[in-house]
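Have a look at the structure below, then the notes.
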Amino acid sequence: MQYPRISGIASYAPEEILDNEMLSQMVDTNDEWITTRVGIKERRILKKEGAGSSYLGIKAVNKLLESTGTAPEEVDLLICATSNPDYRFPSTGSIIAHECKMTNAYAYDIQAACAGFLVALQDAAAYIRGGMYKKIVVVAAEKMSSMTNYEDRTTCPLFGDGAGCMLIEPSDDKTGIIDGVFHIDGTGLPHLLMKAGGSVLPASHETVDAREHFVYQEGRAVYKHAVTDMLTSSLTVMERNGLSVEDVDWLVPHQANLRIIEAVAERSGISPEKVLVNIEHYGNTSAASIPLCLDEYKDKLKKGDKIILTAFGAGFTWGALYIIWDL
């Protein structure tokens, strides 16, 4: 049996920083209010004119190809997780693949909100196990600032821009992406969405005036479901693979809110020292948050480390992956 090994990782975040002090000049908020509620001090913002999520993804993927010594034409498939595509069509993945000169690769997008990177990894794992592809790039690219309402004090402190990616290849050793648990609950629709811009409510002067092309979130409902669902999916994938809390070397949760992260870790019994967190400097980068976090801490990770990744997003959609590190 071929196992889907993670053979490389890279990330990219824009240089421009929007910190809490700067944000307080834009909307009625302050550093203490933001820090105590969500644990964010600053976020990165892509300000380059004419650049979308693909720009972030291209930067990250090119770093990945260089660091792994992979020629672009060797890549068979690129899967892009994003809630902020450059266009309704074509896919952002096709743009990234083209700009990275992947002349032999197929590419497509996945839209699973903040859980998108994990869903894309699960897809990549299935392709590897099935023998269909040999080199797969999974990238999450999110220009969250493009859907953030900087007049809404409840949501604008949360989001930042960034991208992260992995190279997935077959291995004879039991390593890489081992197992995943995923769920979806459509009753979450009214609590977390962009109300306009789709086929239900196409863009119009009225929708623009009503500022319905930005993230809309009911924080209390989202918090409750995020904690419960990331916790239960993590425990389920651990139990299914015979892992105790002591067996888990690292927990890497979606970086949405420090309170959510701490609640999931505490209720799971995993010690805070085993939880990887970088939300303070990046904010919520949606699907990109987990690969950004893993890449930042990759020097702490050791070959053979057992890692649980878990995420929750709009839909509601959520899940957890069990991976064994091999870099």
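Some points to look at:
- Residue list for segment 88-134, restricted to those being over 27 Å from Thr317 (Cα atoms) and open to solvent by less than 70 Å² (accessible area, probe 1.4 Å): Cys100, Met102, Ala105, Gly131
- Highlighted here are the strands (runs of 3 or more DSSP E) found entirely within segment 1-79 that include at least 2 residues which are buried (at least 20 other Cβ atoms within 10 Å of the Cβ): 3-12, 42-44.
- Test: residue in segment 254-262 that is more than 23 Å from Leu193 (Cα to Cα), open to solvent by 20 Å² or more (accessible area, probe 1.4 Å) and without any contact (Cβ under 8 Å) to a residue 60 or more places away in the chain: yes
- Exclusive hit being open to solvent by less than 50 Å² (accessible area, probe 1.4 Å) and modelled with pLDDT of 95 or more, set His213, His225, His281: His213
- The lone exception for Cys114 - which of (1) touching a helix residue (DSSP H, G or I) at 6+ places or on another chain (Cβ under 7 Å); (2) part of a loop (DSSP other than H, G, I, E, B) it fails: (2)
- Considering (1) closer than 30 Å to Ser199 by Cα; (2) in a loop (DSSP other than H, G, I, E, B); (3) open to solvent by 40 Å² or more (accessible area, probe 1.4 Å), the lone condition that Asn84 does not fulfil carries the number (3).
- For Ile290, the conditions (1) within 19 Å of Gly180 (Cβ to Cβ); (2) open to solvent by 40 Å² or more (accessible area, probe 1.4 Å); (3) within 16 Å of the chain's Cα centre (by Cα) all hold with the exception of (2).
The values are calculated or read from the model by the stated rules, or taken from the named source; none is laboratory data. Nothing here was measured: the structure is a model prediction, and the numbers come from that model. Every residue, glycine among them, receives a Cβ derived from its backbone with ideal geometry; neighbour counts consider all protein chains shown. Each accessible area value is taken on the protein alone, full model and side chains, heavy atoms only, with ligands, DNA and RNA left out. Shrake-Rupley method; radii C 1.70, N 1.55, O 1.52, S 1.80 Å.
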